[in-house]
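Following: one structure in structure tokens, then a few remarks.
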Amino acid sequence: MSERKRPSAAGIGQRDRVLEGWLNAETGEIFRDIPVRPSDTVIDVGCGDGGFINFCANRGAEVLFIDQDAAKLASTEARVKTSVARAYRAILSDCDPIPLEDNTGDLVICTEVLEHVPDPAKFLNELIRVTKPGARLLISVPDSRSEQFVAATAPPQYFQVPNHIRIFSAQDFEKLVLDSGLAIESHEFRGCFWSIFWPLSWMTCEPGEGQGLPVDNEHPIVQHWLSLWRHVQRHPDGHKIRDALNQLLPKSQTIVARKPG
């Protein structure tokens, strides 16, 4: 990437995601130690922009992806159609309940969804129901430290229905998962870049912008942060800064859990 090319938050965030163990094209792992195989059936509940399920589709798996946003679901389906997925199904639903049979998925993905739902324990039980015995779930939620930090500049609706109505500390998240009967295999913290980008973006956006998710803008504060973090990514010891900040101010926390066999 040329130094004269303006960095984008999406590009920098995608680079961080790979550096932090997500979407490893070389090993076929969607997350560290979670390979996706052509024989797998993968379910993504709340697929959003489809980045995770598209990765699985390109590994040749059967992919089932669900969202209540028809436009996002259609966009994801268009991407998956061109993949080498063994089979696929796009499902428009609010997942109350999830419209799938019991014990369907070899891997169930649910990222950044539980903070939106009124009853996270009930929703998690639905995720477990559609997971095969002995199979794994990959679940993430925003971290409470980041939520407290972004609240400094976030618009009020960020913490209102249908957005973030639940805030999870690490202890809250672990308790929710353990109380459901799952066994936790790992609990990791990622995305410190976004913890800082979001409040800076909201602080500097024009009136009327940034009322949903933060946006790239040309304000020098935002551009300096993007440029600084791009240089951190490139430095041989940049991982030390990223790893330390991920422990202090992670945007997201991810649990890998296994359903009892």
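How about segment 24-71: which of its residues are aliphatic (A, V, I, L, M) and either assigned to a loop (DSSP other than H, G, I, E, B) or in contact with a Gly (Cβ under 6 Å, 6 or more places away or on another chain) (or both)? Hits for segment 24-71 are ALA25, VAL36, ILE43, ALA61. Looking only at segment 44-56, count how many residues are surrounded by 20 or more Cβ atoms within 10 Å (Cβ to Cβ) and touching a Lys or Arg at 6+ places or on another chain (Cβ under 8 Å). The qualifying residues number 3. Looking across segment 147-170 at every residue that is in a loop (DSSP other than H, G, I, E, B) and in contact with a Ser or Thr (Cβ under 9 Å, 6 or more places away or on another chain), the one that is farthest from PRO199 (Cα to Cα) is identified as SER169.
Residues considered: PHE159, PHE197. Of these, the only one that is in contact (Cβ under 8 Å) with a residue 40 or more places away in the chain and in contact with a helix residue (DSSP H, G or I) (Cβ under 9 Å, 6 or more places away or on another chain) is PHE197.
Candidates in segment 137-168 are the residues that are exposed (fewer than 14 other Cβ atoms within 10 Å of the Cβ) and within 18 Å of the chain's Cα centre (by Cα); of these, the one that is farthest from GLY48 (Cα to Cα) is ILE165. Total residues in segment 72-98 satisfying the condition of being part of a loop (DSSP other than H, G, I, E, B) and loosely packed, with under 14 Cβ neighbours inside 10 Å: the figure is 5. Output the residues belonging to segment 173-189 that are small (Gly, Ala, Ser) and either loosely packed, with under 14 Cβ neighbours inside 10 Å or touching a strand residue (DSSP E or B) at 6+ places or on another chain (Cβ under 6 Å) (or both). Selection gives GLY181, ALA183, SER186. The sole residue among ARG15, ARG6 that is among the basic types (Lys, Arg), part of a loop (DSSP other than H, G, I, E, B) and over 25 Å from GLN68 (Cα atoms) is ARG6.
Taken together, the values in this text are just the output of simple stated rules run on the coordinates, not laboratory data. Remember, it's a predicted structure, so these values are computed and weren't measured experimentally. Every residue, glycine as well, gets a Cβ built from its backbone with ideal geometry; the counts of neighbours run over all protein chains shown.
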